[in-house]
1. Just counting partner chain Cβ atoms within 10 Å, what average do the residues of peptide B:154-161 show around their Cβ?
2. Would you kindly enumerate the cysteines in chain B that have no other Cys beta-carbon under 4.7 Å from their beta-carbon?
3. Just need the relative contact order of segment B:83-149 here, percent rounded to a whole number, with Cα pairs under 8 Å and 6+ apart.
4. Work from the charge dipole of chain A (Cβ charges, +1 for Lys and Arg, -1 for Asp and Glu, about the Cα centre) and give the residue of A:Ala175, A:Gly197, A:Ile294 farthest towards its positive end.
5. Can you tell me the orientation of helix B:86-119 relative to chain B, as the angle in degrees between its alpha-carbon axis and the longest Cα principal axis, to the nearest 10?
6. With everything on Cα atoms, drop me the angle between helix A:156-177 and the longest principal axis of chain A, reported from 0 to 90° to the nearest 10.
7. What shape does the protein assembly as shown have by the C-alpha gyration tensor, where a ≥ b ≥ c are the square roots of the eigenvalues, rounded means a/c under 1.5, and otherwise prolate means a/b greater than b/c and oblate the rest?
8. Over chain B, with a Gaussian network built from C-alpha contacts below 10 Å, which listed residue (B:Gly131, B:Gly74, B:Gly63) shows the highest mean-square fluctuation?
Amino acid sequence: MTWARLAFKLQPSSIGFATFVCLGLAAAAIWLTFDMRSVLKACGTPGEPKACNVIFAFQDTHMQTVMMTQLGIGIAMYGVPIVLGVPILAREIEQKTAMIAWPLAGSRLKWLAWRVVPVLAVALVLIGVMAFAAEQLAQAYFPHNDIGFDRHGSRGISMVTRSVLVLMAAVLLGAVIGRLLPALLIGIALAAGVSTGMDAALPHWVESAELTQSDSMFGGANPLNTGFEYRAPDGGPISDENVEALQQAVYEEHGDAADPALLPQEVFYGIAASRYPEVLLRESAAVGAASVLIGAFTAFVVRRRRPE
Amino acid sequence: MLPQLRLAWRMQRWEMSLLVGAALVLTVAALILPSTEGGGGDPRMIVLFLTLVGPILIGSVLGVGLVAAEVEHGTAQVAWSLARSRLRWLFIRAWPLSAVGVLVCLVLGAAAARLMDETSPSNIFMAAMRGPIVALHLLSALAVATLVGAVLRRVVPALLVAIAVNAGILILLSSAVQPWMEERATLIPVEERSVDPVIAVLEYETVSISSTGELTLTEPECDTQASCMAAMAELTHAVRVVPGSAYLPLLGFAAAASLIIVVAASAATVGVMTRFGPG
């Protein structure tokens, strides 16, 4: 526990903030999870709640609170690594303590490991708890379905890997810039970039395909949608304007009992929820590799940089 | 004046560069986006969102750097002893940042207003993302962050608290004007949406238009798919908006609120600096 105590003594406010935020949000998520699951205990009894029979079981009762909690977790998963990672090197360089610490340490790499590893461990524990709670919350909100890609990136393993990536990038940022406040500010922009970049890369980890009815969102699944088009009854492509005209013509001719085969078909493209583990594995491997690379580059910067 | 500007640049060149750089990038983006195909789509909302939160973030960073960084680095002891008065010291350190911040935010606010008027985005916070209100956000964030820094005297905790407090103030002020904006909202057909400037879009509705041009809220009456499509085709899509004429009173409210915040926070900062010293 010496390393944990040392890490806390060096960054009491950052670690205190991270602990407060992560555990607070995790507690809120777990409380909401238990609350929603307790509602479902009455399923199968006379007068069972509406939540037992609808896909969006808690839309009317818990949506607002769940969304606010998930929003908080989504911000904290980037905010906490920035607050923990940026000061590690930036403060040492800015306050000139690196001038003493680095020559005394013998090996700068060893010094870096002693400073970064404890903070990384603390971050992993705190964000891990929050990620677990976020995963449970997402599953409790859609109790009757596979949650698939819903809230991907802000729950479970994907949240932990992304947070570690941002943490490593934040440490590097502190080492390169060497000033706390600007590094924090750039760190915020960097986190926004990481989030946008990861979301943009998501459809490319595996190839998209046409989704079957049961794999699409209308089948109650949570796939990753990448495209949508209408197909004419004969199977050929059809424009949006023609779809409306065709629908109107069919309904006018046959009324509401019109044969669905006469109407334009909705075709969804994407990645089925059943392929989520495959996507998660590939993304985690890539993000993990990127984190290691950034760590190596940080070590390079620390070895080369002048301490002033 | 010039030496004070040069001093501010030397003390906080990173922060000032980020402020000017970020504002410049956002301004250019806001000016370019209306001429891009389809009005820009999502990038437009990102620019507007950053116009809303950017001044809060940058104001907090700049403000915390004024007192908390000086105290944490131990330079306040010398600087405050040499200064004629702490109020004067604070003013000399704060005004160049405020002046540069206000200048770039005024330009950014004007560009964001043009972006909104040309591309008609929908957001209830639109009023807070356009015109001089953007500069007022930066000023109050700067003053509040300076006070928080003076109280907490550590950069990281002060920055976190300052961001939280400033975000709270923004939400509080926006909520305070919401009922007033609801009262002034008018219903206009969607096609007329881009004729006059609009400072907030509150709701989308379906209406029927009488022969005198009067709009009446109307729900489509139908019981089958076919009749619903026919009923919707006869109705007009309308939008409940707060007209541009409401911006001036809103600006007046924001200016008064910012003035109170800046004066109160600055007085409290000097009080804290005098009472507790640089140690």
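1. Mean number of neighbouring Cβ atoms from other chains: 6.
2. B:Cys105
3. Here the relative contact order equals 38 percent.
4. It is A:Ala175, whose Cα lies furthest towards the positive end.
5. Helix B:86-119 sits at roughly 20 degrees to that axis.
6. The two axes meet at around 40 degrees.
7. Oblate shape, in that a/c is at least 1.5 and b/c is the bigger or equal ratio.
8. Result: B:Gly74 has the largest fluctuation of those listed.
Any read-out appearing in this document is the output of simple, stated calculations on the displayed coordinates, not a laboratory observation. Not measured: the values here are computed from a predicted model. Glycine gets a Cβ as well: all are built from the backbone with ideal geometry, and neighbour counts include every protein chain shown.
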